[in-house]
Amino acid sequence: MSPRKATALAELIAEENSLSVIASKPERRLPEQGLSDPVQALKIIREDLGDCTRCILHQQGRKQIVFGVGNPKAELMFVGEGPGADEDEKGEPFVGRAGQLLNNMIKAMGIEREQVYIANIVKCRPPGNRQPERDECATCSPFLMRQIAVVKPKVIVALGATAAKTLLAMNSSMIQLRGRFYDFRPTGIPRDDSGWGGCKLAVTYHPAFLLRDARQKGEAWKDLQMVMKELGMKPAKATT
């Protein structure tokens, strides 16, 4: 073999070895991964979030961060777009008029609010209850993804277009998004040994929208019935 060919071969072998090392480099584990207690894991995420100043919302009148609430081992998770005035005041998602309607929707499914987990795409109130901007969603949603990975729900219900489009990374209309399940796995989360491979995601109308247009409540109920069938749930019995 000529010296030139020997040098080229050595360079090729060195390059392949380098690529092998890069490919086998393990993903960085998140601090909450590997914990068996989801309460402690969620606490770690909340501490990591801190008194967040990562986007402009912290400068626009928020009173406090609204993290999430509910059963940390819930089979069903609801995700909205962001806190409103009541949520900003109390520090808990969905506690205003829209929250009362969500509670009624959950009860109609035959369960209680305490049995599900509820969170939002952004954790600070946008001024005037406007829709969160795309960069605000992109900045805050990684913490939501970590929450989802800890709770490990069987089904997520995205409430409204902002939540649906952010979670699914799609720009379709609500009419196009509703009426089916999507296979969902939170982005940016290294795989672990929990055995959880993701969940189903359904889309329905945000309760605040239903308060403005009650005609769509029947359509939202169809979406929830689809979720109930997936989870083997029976609706609450009507009271007389």
Determine which member of the set Lys222, Lys165 is basic (Lys, Arg), in contact with a Ser or Thr (Cβ under 9 Å, 6 or more places away or on another chain) and more than 22 Å from Leu101 (Cα to Cα).
-> Lys165
For residues in region 49-75 being of a type in the set (D, E, K, R) and under 30 Å from Asp37 (Cα atoms), which is surrounded by the most Cβ atoms within 10 Å (Cβ to Cβ)?
-> Glu75
Any idea how many residues of region 32-85 are on the phi > 0 side of the Ramachandran plot and either without any contact (Cβ under 8 Å) to a residue 40 or more places away in the chain or among the β-branched types (Val, Ile, Thr) (or both)?
-> 1
Residue by residue through region 107-142, note down the ones that are over 18 Å from the mean Cα position of the chain (by Cα) and not in a loop (DSSP other than H, G, I, E, B).
-> Lys107, Ala108, Pro127, Gly128, Asn129
Hits in region 175-193 (condition: hydrophobic (A, V, I, L, M, F, W, C) and surrounded by 14 or more Cβ atoms within 10 Å (Cβ to Cβ)) | Leu177, Phe181, Phe184, Ile189
Taking the stated definitions as given, is Lys63 touching an Asp or Glu at 6+ places or on another chain (Cβ under 9 Å) and assigned to a loop (DSSP other than H, G, I, E, B)?
-> yes
Take Pro153 and decide whether it is under 29 Å from Val39 (Cβ atoms) and assigned to a loop (DSSP other than H, G, I, E, B).
-> yes
Out of Leu201, Leu211, Leu224, report the one residue that is at pLDDT 95 or above, among the aliphatic types (A, V, I, L, M) and surrounded by fewer than 17 Cβ atoms within 10 Å (Cβ to Cβ).
-> Leu211
If we keep only residues of region 156-208 that are among the β-branched types (Val, Ile, Thr) and not in a strand (DSSP E or B), then the residue farthest from the chain's Cα centre (by Cα) is Ile175
Hey, can you tell me all the residues within region 97-131 that are of a type outside the set (S, T, N, Q), out of contact with any strand residue (DSSP E or B) (no Cβ under 9 Å at 6 or more places or on another chain) and farther than 29 Å from Lys234 by Cβ?
-> Val122, Lys123, Cys124, Arg125, Pro126, Pro127, Gly128, Arg130
Can you spot a residue in region 218-236 that is without any contact (Cβ under 8 Å) to a residue 40 or more places away in the chain, within 24 Å of Pro83 (Cα to Cα) and touching a Leu at 6+ places or on another chain (Cβ under 9 Å)?
-> no
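The values are calculated or read from the model by the stated rules, or taken from the named source; none is laboratory data. As the structure is a prediction and not an experimental result, all values here were calculated from the model. All Cβ positions, even for glycine, are placed from backbone atoms using ideal geometry, and neighbour counts span all protein chains on display.
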